[in-house]
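This report refers to the structure that appears directly beneath it.
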Amino acid sequence: MIYTDINVDQYQPSVLETIEERNVQHYCSVWEQQKKDLLQNKINSFSLNQEAKEMFIDAIDKLKIPKTLAIQLLDLCSKNIYLIIDDSQSMATQDTELYENNNPNQLSRMEELKIRLRSIAPILSGLAKHDIKIKLLSNVNHTITFNANLLAEEKLQKFNTLIDSLKPTAQTPLIAATIQFAQDVEDKYRASRKKISSVLYVFTDGVPNDKHVGSGQTGVLGFTTALHSLEVLKTDVLAIGFSACTGDEGSIGWLTDLDNDPYIGNSINVQDDFFSEALSMYDSHGSFIPFSNYGFYIATGLLAPIVPWIDNLNEKEVLTAEELSSVSGKEITKTLHDEYVKAISELRNKQWYQYYMPWPESDIYNNFELKIVTIDGKEYRQKSASIKTKNLYNTIYNQCTIM
């Protein structure tokens, strides 16, 4: 998909940019202190030990995750957590548009996934009060378990060791991996007779290539049939978050159909790759939300399967003041929310003359770079040929160091 940019010579500041500047400048020490206190109180309510608390807070600080989203991340403390990691051969494909320092070669999908997992690892290691269970598609019948009784630092060490060891060598038996974990969720539910919710995060770049035993169907059809057969998806016991490891629609377009499935769609969330998700968020809500922040991407990816309104963030026409406050990490007054609603309404009515001007086709493919600083301090640049507006360009350009 090609987006057009705005002609700088003809450009006039939009309502969205004016509000963004005011939003950035708006500061309420009382409101922010209330959120910090609320976060601390909620952390204490889950009885996390000091090491786990410090690990979690250090992670959200390094990733610059808004305290309002961090508060909601604490709900993961009460969840059974499962991960399926795609280490299939296609993960070696170099199409991420991410570059490290002066290296002319793009990072592979696997290398990008490792960046993502290293950001997620300290959050899950600090919060998980139940076992964390992981399957690699290269050995789908083996489950890697980080026991609940391990210290947070021990979990993180095991997590990072696993991440370092990942190599793209396997096929994509997503059906078998998902069915096995769903059975584990079902067994736990029946054994305890308690409705302890579970969340499964699936990181993949392609189509399942194994067979659903019950129906004999393979590929996407077999996977969809398998999901339809899972009672735990229909009873709010299990939620699944798919995280795409590529922006190639030919590889992951099928996930959109799952997300919209009338039978199981409410229990499924699909998150695009970082840059595609950022563009989608901006298209929906302008620069009111911190779409260019990598930590925002990490946090919403973890939350979307268990928080319905975050699942629908880039699909909702208008956010409530409370929702907008949660994603921006700032106090949203009634006046500011009214102006947001007005601006978004104008955007929805496609009054493009206020926000968009034609940009010569020859200049669409500019040398735009997005610099990412990950949780472990490494820097990467992401080039893109899809810049939608000058507002988007300036927002990312001026915040090019992202934690």
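The values are calculated or read from the model by the stated rules, or taken from the named source; none is laboratory data. Note that the structure is a prediction, hence the values are computed from the model and not measured. Please note: Cβ atoms are built from the backbone with ideal geometry, for glycine as well, and neighbour counts cover all protein chains shown.
Some observations on this one:
- Restricting attention to the range 88-113, the residues that are in contact with a Leu (Cβ under 8 Å, 6 or more places away or on another chain) and surrounded by fewer than 20 Cβ atoms within 10 Å (Cβ to Cβ) total 5.
- Qualifying residue in the range 216-223 (condition: among the β-branched types (Val, Ile, Thr) and over 18 Å from Lys135 (Cβ atoms)): yes
So that you can scan it fast, the table gives a plain yes or no per residue for (1) assigned to a strand (DSSP E or B); (2) over 19 Å from Ile134 (Cα atoms); (3) of a type outside the set (Asp, Glu); (4) free of Cβ contacts under 8 Å to residues at least 60 places away in the same chain:
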| position | (1), (2), (3), (4) |
| --- | --- |
| Met55 | no, yes, yes, no |
| Asp75 | no, yes, no, no |
| Gln94 | no, yes, yes, yes |
| Asn102 | no, yes, yes, yes |
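- Any hit, the range 188-203, residues being in contact with a His (Cβ under 7 Å, 6 or more places away or on another chain) and on the phi < 0 side of the Ramachandran plot: no
- Condition met for Phe181 (under 30 Å from Gly216 (Cβ atoms) and among the aromatic types (Phe, Trp, Tyr)): yes
- Selected residue (criterion: surrounded by the fewest Cβ atoms within 10 Å (Cβ to Cβ)) from residues of the range 305-335 that are of a type in the set (Asp, Glu) and at pLDDT 85 or above: Glu322
- Taking first residues from the range 217-231 that are closer than 16 Å to Gly253 by Cα and partners that are among the aromatic types (Phe, Trp, Tyr), the Cβ contacts under 7 Å between residues at least 6 apart in sequence or on separate chains come to Val220/Trp254.
- Options Ser165, Ser78, Ser138; residue that is among the hydroxyl-bearing types (Ser, Thr, Tyr) and at pLDDT 95 or above: Ser165
- Count - residues of the range 131-170 that are farther than 22 Å from Asn209 by Cα, in contact (Cβ under 8 Å) with a residue 60 or more places away in the chain and surrounded by 17 or more Cβ atoms within 10 Å (Cβ to Cβ): 2
- Residue in the range 89-101 that is touching a Phe, Trp or Tyr at 6+ places or on another chain (Cβ under 7 Å) and not acidic (Asp, Glu) present: yes
- When the helices (runs of 4 or more DSSP H) confined to the range 171-288 are screened for residues that are touching a helix residue (DSSP H, G or I) at 6+ places or on another chain (Cβ under 6 Å) and surrounded by fewer than 21 Cβ atoms within 10 Å (Cβ to Cβ), those reaching at least 1 such residues are found at 174-192, 219-228, 254-259.
- Taken over the range 214-265, the criterion of being closer than 15 Å to Ser90 by Cβ and more than 23 Å from the chain's Cα centre (by Cα) is satisfied by Gly219 alone.
- Any hit, the range 197-216, residues being out of contact with any strand residue (DSSP E or B) (no Cβ under 9 Å at 6 or more places or on another chain) and under 30 Å from Leu98 (Cβ atoms): yes
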